[in-house]
Amino acid sequence: MAGAQPGVHALQLKPVSVPESLRKGNKFMKWDDDSTTVTPVTLTVDPKGYFLYWTDQNKDTDLLDIAYIKDARNGKCTKAPKEAKLRELLDVNTLAGKMENRMLTVVSGPDMVNITYLNFMAFQEETAKVLINRRD
């Protein structure tokens, strides 16, 4: 291609910007399908946007590499708890907003076959949506 200029088609990537609310952390309740317990956690994203991690009240921390996240769901597409007792624990009337709009399901794994589901419940609808809307 004699007329092509070098560097014209170079891709300009913007640096990742993690909102302050995600860097500071937000309060969520974490639940598992195989359990009937709910664990309060603080869900945080590191400043460079590489890791999603959550810390419980005992200061135990779990970590997920954001590169392994396949999908983050909010609203009707989330995974609802099957156990009635677990649904009762999560559906606290004093929290703001509908239960399904406060739910967040993070689908992750090394490929599309071996996936895991992480289930969180925010205390407010806006908090759950912040994580979903940052998928630029």
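What follows draws every value from the coordinates through simple rules; no lab data is involved. The structure presented is a predicted model; accordingly, all values stated were derived computationally and were not measured. Note that we place each Cβ from the backbone using ideal geometry, even for glycine, and neighbour counts take in every protein chain shown.
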Along region 44-59, Karplus-curve 3J(HN,Hα) (6.51, -1.76, 1.60; θ = phi - 60°) to the nearest Hz, with x for Gly and Pro, reads 9, 10, 5, x, 8, x, 8, 10, 10, 9, 9, 10, 8, 5, 8, 6
Among GLU125, GLU88, GLU100, GLU20, rank each residue by its count of other Cβ atoms within 10 Å, from fewest to most, as a rough exposure measure.
GLU20, GLU88, GLU100, GLU125
Neighbour counts of other C-beta atoms within 10 Å: give me LYS79, LYS27 arranged from fewest to most.
LYS27, LYS79
How much length is gained on full extension from GLU126 to THR61, taking 0.36 nm per residue of separation minus their Cα-Cα distance?
21.0 nm
Evaluate region 20-133: find the radius of gyration of its Cα atoms, find its Kirkwood radius, and give the ratio Rg to Rh.
0.94
1/(1 + (r/R0)^6) with r = Cβ-Cβ of ASP111 and THR36, R0 = 30 Å, i.e. FRET efficiency to nearest 0.05, evaluates to 0.50
